[in-house]
Amino acid sequence: MTLTPFTPATPTFLPGAPLRGPRPLVAPAPPLPTQADISREIAARSAAADRDRVGGLPAPAHPARDYTPYRSSTPRHPRQPPVEIDHLADPEAVELTGPAFGVTDVTDLDADLTRQHPGEPLGERITVTGRILDRTGRPVRGQLVEIWQANASGRYAHQRDQHPAPLDPNFTGAGRCLTDDQGRYTFTTIRPGAYPWRNHDNAWRPAHIHFSLFGTAFTQRLITQMYFPGDPLFPYDPILQSVTDPAARARLVATYDHELSCPGRTLGYRWDIVLDGPSATWTEEGH
Amino acid sequence: MPRATTDPAATTDPATTTDSAGAPAAPLPPTPSQTIGPFYGYALPFRGGEQIAPAGRPGTITLHGLVRDGDGAPVPDALLEFWQAGPDGSLTGAPGSLRRDPVTGAVIGRHGLDFTGFGRVPTDADGRYVLHTLPATAPAGHPDAAPYLAVCVFARGLLHHLFTRVYFPEHAEAHAADPLLSRLPDHRARTLLAHPDGPDRYRFDVQLQQTADGTHEETVFLAFR
Ligand SMILES: [Fe+2]
């Protein structure tokens, strides 16, 4: 947030005259919005999206970048619409291909976030697995998946995380793996805790795991967040609610899958991911 | 679009409607983007991420710049990724950007023999980034194409990443025929041009939003379909 310089309405001193008392250099920070303020804004954006859907417009698959209930978006979104590049009209675009990763880029330990320290981390051990597909249903094979998350208490191993919850010396919360031939990734980790943040008063992020994904093309690059089913914080969170289409929002929520639970060790969650964006292989196949 | 099945019990969800070859009859709905947030710093940046070209390799260029928001303030928590064709025009890339030490697990970085084509740089507390790479090359088979670096921008406050491109002033002739640059007005196209500011050194700023006083033109961002 930028503080605007304080400008007095009337001059409080004349040139050459002594200053009377300290002059404030900046205005005090405005009070944070309340959850009720933010919830009202979320409801308004959701209602507008519903009207668009009923009116026959396709539901947006991604958040609008100018989603004001998430305050940090205000100075950080472009005002001009993006310039469209059609992969059929411009099949030589570099972005229709993308970086490659391999076995040298990961170690086995990276995919098990509970084994990266001498001791066992605190919290509920979970298995998170799923498949990564492109929009044609093709599995994304041998690609890099990266995750990061808070510990069981809702604290990141990051110097700037000021949440006064305990750090866990046995948990960092960063993991990597490569997808297999079916496009499958698997992580063993700890269920992260919810955490407070300063978007508004009494703001809490629902528990989530950050995911970073590569497809077969740079156009398919995705960074997103996976949520846990049934979290009561969903309606209050402007970041999740920035996805205004309920069906699209549901795609960010993992499913509890008892078959994936490891007896005596972890609870299993399934989360499949579909990467947006065209790739060079589409052009070759005439998609 | 024809349905693959006439079974009335079959779901009409495109995610599970497939043709005989097993491909979906309609494109699968994508997983939505969410912001990178403020705390990716211990997970995504890696040692040597800014060094696509091995240190000391002749012909290396330095690309640097500032990421700014609509208030004109530097963005200290952005992450920039770069992707480019290899020196031979190849677009296959190569593994090994995050090469690991199998003993300690530490990232030891590229060995410098293969050109991976991929770079990742977080902005520093001043909102600046620096990248060392080889000059952009045109894809193989298209020697007349205007070379560029593809860029993906992530930041706290940005709910969905942004794509842009860095073109270089040496290729002015090719720019006239470039399918993107040729359809942009001059003042917009200029936001995609790196400015030479020293030997083998270029500056490329990313302006996430036009400032109110108009001093900083918003960068052209791209959407692919
Ligand atoms: Fe987070």
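The values are calculated or read from the model by the stated rules, or taken from the named source; none is laboratory data. Note that the structure is a prediction, hence the values are computed from the model and not measured. When we count neighbours, we look across all protein chains shown, and the Cβ atoms used for this are built from the backbone with ideal geometry, even at glycine.
Side notes on the structure shown:
- Failed condition for A:His258, given (1) more than 9 Å from chain B (Cβ to nearest Cβ); (2) under 25 Å from A:Ser72 (Cα atoms): (2)
- For A:Val145: the one exception among (1) facing chain B (nearest Cβ under 10 Å); (2) away from the ligand (no atom under 16 Å from the Cβ): (1)
- Exactly one residue out of B:Leu162, B:Leu180, B:Leu222 is in contact with a strand residue (DSSP E or B) (Cβ under 9 Å, 6 or more places away or on another chain), more than 24 Å from B:Pro30 (Cα to Cα) and either modelled with pLDDT under 95 or of a type outside the set (Asp, Glu) (or both): that is B:Leu180.
- Filter pass, B:Pro27 being within 30 Å of A:His208 (Cα to Cα), part of a loop (DSSP other than H, G, I, E, B) and in contact with a strand residue (DSSP E or B) (Cβ under 7 Å, 6 or more places away or on another chain): no
- Matching residues in the stretch B:63-86 - criterion: being part of a strand (DSSP E or B) and hydrophobic (A, V, I, L, M, F, W, C): B:Leu63, B:Leu66, B:Val67, B:Ala78, B:Leu79, B:Leu80, B:Phe82, B:Trp83
- Applying the criterion of at least 1 residues that are within 16 Å of the ligand (Cβ to nearest atom) and touching a Ser or Thr at 6+ places or on another chain (Cβ under 8 Å) to the strands (runs of 3 or more DSSP E) found wholly in the stretch A:169-232 leaves A:174-178, A:184-190, A:208-213, A:222-227.
- Scanning the stretch B:80-135 for residues that are out of contact with any strand residue (DSSP E or B) (no Cβ under 6 Å at 6 or more places or on another chain), in contact (Cβ under 8 Å) with a residue 60 or more places away in the chain and of a type in the set (Ser, Thr, Tyr) gives B:Thr116, B:Thr133.
- Among (1) more than 7 Å from chain A (Cβ to nearest Cβ); (2) on the phi > 0 side of the Ramachandran plot - the single one B:Pro76 does not satisfy: (2)
- In the stretch B:166-182, the residues that are facing chain A (nearest Cβ under 8 Å) and touching a helix residue (DSSP H, G or I) at 6+ places or on another chain (Cβ under 9 Å): B:Leu180
- Subset of the stretch B:46-62 (residues that are farther than 16 Å from B:Thr116 by Cβ and in contact with a strand residue (DSSP E or B) (Cβ under 7 Å, 6 or more places away or on another chain)): B:Ile61, B:Thr62
- Residues within the stretch B:87-109 that are surrounded by 13 or more Cβ atoms within 10 Å (Cβ to Cβ), assigned to a loop (DSSP other than H, G, I, E, B) and among the charged types (D, E, K, R), tallied: 1
- So A:Gly264, is it at positive phi, within 13 Å of chain B (Cβ to nearest Cβ) and either in a helix (DSSP H, G or I) or out of contact with any Cys (no Cβ under 9 Å at 6 or more places or on another chain) (or both): no
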